[in-house]
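The block underneath contains the structure these notes are about, expressed in structure tokens.
The values are calculated or read from the model by the stated rules, or taken from the named source; none is laboratory data. The shown structure was predicted, so the numbers you read here are calculated from the model rather than taken from an experiment. Note: ideal-geometry Cβ built from the backbone for every residue, glycine included; neighbour counts use all protein chains shown.
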Amino acid sequence: MVRLQFSIELGYDIDAPGCDFIFNIHAAQTRHQTVVQESLGISQPVATSLYTDPVSHTRYLRLKGLPGALTVRYEATVDLDHYTAQPAQLGEVAVAQLPGEVLPYIYPSRYCQSDRLHRFAVKEFGHLWQGYSRVQAIRDWVLQRVTFRSNSSNGNTTAVDTLIEEVGVCRDFTHLMIALCRAVNIPARFATGIDFGADPVLGPTDFHAYVEVYLGDRWYIFDASGVAIPMGFVRFGTGRDAADSAFATIFGGVRGNAPIIQIQAVPNAQGLLVQPQHVLHALSTDGQLVRH
């Protein structure tokens, strides 16, 4: 079992008359991800509310910030007891047998225009065995053709844009992989976490976007950009694409500072220090879903 300890600090300067925030920075509580302890600090004397989506387990923090400086700090210790499976045993699920809660992730979405990529995806991947290895082939294809470059995209960049421009950051890799998976009827969703283990040359620790694909009877983790270690992903939220899973959604005039994020592996409940590492088997932090 991996135990990770992390902190997130967000700073803002808010214009009058104030600003509404919806944050997605709390670690999700899932079948294989347990929040051992956590704390939240708000620099302003404002009321907060925390809502947990019953399906995705995403936890939304809401508050109305007052004019002036606002600092939000969240700290947590999380246990990751991954469900593991052999990739060769994981097949795709026919659309008719998908659980109802999985259906939204086979459709096109704002940033993942799978309908526009259908013919292309069928030509590239339609002949492959329908299972984990086909998803891995899509991931490898994206990784080989797109170059990671900081500040190379913006909030309007879509999967089609990334396919054409062949450059992007983690969210762009993720959107393209999701769109290609959906284009061949593989449910795929956008997930947010922390880039544990990323090369320091890429900059300080930051939020990270990755992919979860539905195979067999649960969601499995894939890192489309290849810059981090999937075993070290602490899941915050999931959605159809980045529009559903931003770490902060802001309604009002505000100027923000770069997030300050720190994360480290610490001894688990058995006193063992387990460092996340790259593995060959499939990983999931989700529970089993019932097929129809």
_Residue under question is residue 101, and the condition is that it be assigned to a helix (DSSP H, G or I) and either closer than 30 Å to residue 290 by Cβ or under 18 Å from the mean Cα position of the chain (by Cα) (or both); does it hold?_
yes
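Based on what the data block shows, is residue 138 touching a residue at least 12 places away in the same chain (Cβ under 8 Å) and closer than 19 Å to residue 241 by Cβ?
On the way: touching a residue at least 12 places away in the same chain (Cβ under 8 Å): yes; closer than 19 Å to residue 241 by Cβ: yes.
It is true that residue 138 is touching a residue at least 12 places away in the same chain (Cβ under 8 Å) and closer than 19 Å to residue 241 by Cβ.
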*Select from the range 1-56 the residues that are among the charged types (D, E, K, R) and assigned to a strand (DSSP E or B) and list them in ascending order.*
3, 9, 13, 20, 38
*asked:* For the list (1) farther than 23 Å from residue 157 by Cα; (2) of a type outside the set (Gly, Ala, Ser); (3) under 13 Å from the mean Cα position of the chain (by Cα); (4) surrounded by 23 or more Cβ atoms within 10 Å (Cβ to Cβ), I need the number of the one condition that residue 192 fails.
replied: (1)
*State whether the residues of the range 192-208 include one that is aliphatic (A, V, I, L, M), in contact with a helix residue (DSSP H, G or I) (Cβ under 7 Å, 6 or more places away or on another chain) and within 22 Å of residue 243 (Cβ to Cβ).*
no
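Quick check, is residue 55 among the β-branched types (Val, Ile, Thr), surrounded by 14 or more Cβ atoms within 10 Å (Cβ to Cβ), at negative phi and in contact (Cβ under 8 Å) with a residue 40 or more places away in the chain?
Numbers: among the β-branched types (Val, Ile, Thr): yes; surrounded by 14 or more Cβ atoms within 10 Å (Cβ to Cβ): no; at negative phi: yes; in contact (Cβ under 8 Å) with a residue 40 or more places away in the chain: yes.
Criteria not met by residue 55.
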*Filter the range 214-229 for residues that are crowded, with 21+ Cβ neighbours inside 10 Å and more than 17 Å from residue 31 (Cβ to Cβ) and give the result.*
222, 223, 224, 225, 228
_Could you check the range 193-237 and list, in sequence order, the residues that are within 12 Å of residue 261 (Cβ to Cβ) and free of Cβ contacts under 8 Å to residues at least 40 places away in the same chain?_
195, 198, 208
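Tell me, which residue of the range 119-156 that is in contact with a strand residue (DSSP E or B) (Cβ under 8 Å, 6 or more places away or on another chain) and assigned to a loop (DSSP other than H, G, I, E, B) is nearest to residue 212 (Cα to Cα)? Show your work before the answer.
Here is the first cut: in the range 119-156, the ones in contact with a strand residue (DSSP E or B) (Cβ under 8 Å, 6 or more places away or on another chain) are 130-132, 135-136, 139, 146-149, 152-153.
Those left that are additionally assigned to a loop (DSSP other than H, G, I, E, B): 130, 146, 149, 152-153.
Details: 130: 16, 146: 19, 149: 23, 152: 24, 153: 22 Å.
Selected residue: 130.
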*State yes or no: is residue 109 within 28 Å of residue 10 (Cβ to Cβ), crowded, with 17+ Cβ neighbours inside 10 Å, of a type in the set (S, T, N, Q) and not assigned by TED's automatic domain parsing to the domain that holds residue 256?*
yes
